1. Given a 10 angstrom Cα cut-off, can you work out which residue in D144, D68, D134 is the most mobile in a GNM of the chain?
2. Could you rank the peptides 91-103, 23-35 by their average count of other C-beta atoms within 10 Å per residue, with the highest value first?
3. If amide H atoms are built 1.01 Å from N in the plane of the peptide, which residues on other chains or at least 5 residues away come under 5 Å of the amide H of F7?
4. For the range 65-102 and the range 119-148, compute the distance between their C-alpha centroids and round to whole Å.
5. Summing -39500 (n - 2.57) over the DSSP H runs of n ≥ 4 in the chain and dividing by its residue number, what mean residue ellipticity at 222 nm do you reach, to the nearest 500 deg cm²/dmol?
6. Placing +1 at every Lys and Arg Cβ and -1 at every Asp and Glu Cβ, with all other atoms neutral, what dipole size does the range 2-154 have around its Cα centre, in debye to the nearest 20?
7. Which order do the peptides 106-116, 41-51 take when ranked by the mean count of other beta-carbon atoms within 10 Å per residue, highest first?
Amino acid sequence: MIYLVGFMGSGKSTVAEQLSRKLGMPYIEMDEEIEKQEGLSISEMFATQGESFFREKETSFLRGISKDVIVSTGGGIILSKDNRHLLKSGTVIYLKAEWETIVKRLREDTNRPLWKGDEQEKKNRFESRLALYDEVADEIVSVDERTPCEIAVDIQKRI
Ligand code: S3P
């Protein structure tokens, strides 16, 4: 398994797609799979069932992955200790972005339930997660000012 982790807007999904083509290995987008499984969008899930419901689904989905695939995870995958442990079953690539890059990329985003409201609150969330991404990472790949294709080439060289 190759797990791509990183904050919202770090480009996990687009890099997963590129990497999948280069390695000839299938990829899955965890959020999309959980949405299909539950018949609800992530926003609906947060609104009607609460964040903890989504987090439980994330953990059981992660636990159930058995095929050798590239997994584009959700930005909060590193929050639970169980998840951090489960990620040890594969190679974890941390797509590391500067705060400014995230802000630029998510400026127009209205879909993500945890990318709302107060700027300081978002920045605090970003900063509070940095050490956790570092903790799980086997490789740290910088994504600032680089295309998904360049990032995928970089990952390919390292694994
Ligand atoms: C989340 C990130 C989202 C999604 C959910 C929660 C987070 O995924 O899983 O909205 O806690 O950072 P992306 O990183 O793909 O936006």
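1. Highest fluctuation among the options: D68.
2. Descending mean neighbour count gives 91-103, 23-35.
3. Hits under the 5 Å cutoff: A97.
4. 11
5. -16000 deg cm²/dmol
6. Details: 22 positive and 29 negative charges, 41 e Å.
Here the range 2-154 has a charge dipole of around 200 debye.
7. On the way: 106-116: 12.1, 41-51: 14.3.
So the peptides 106-116, 41-51, ranked by packing, come out 41-51, 106-116.
Any read-out appearing in this document is the output of simple, stated calculations on the displayed coordinates, not a laboratory observation. None of these values were measured; they are calculated from a predicted model. Every residue, glycine as well, gets a Cβ built from its backbone with ideal geometry; the counts of neighbours run over all protein chains shown.
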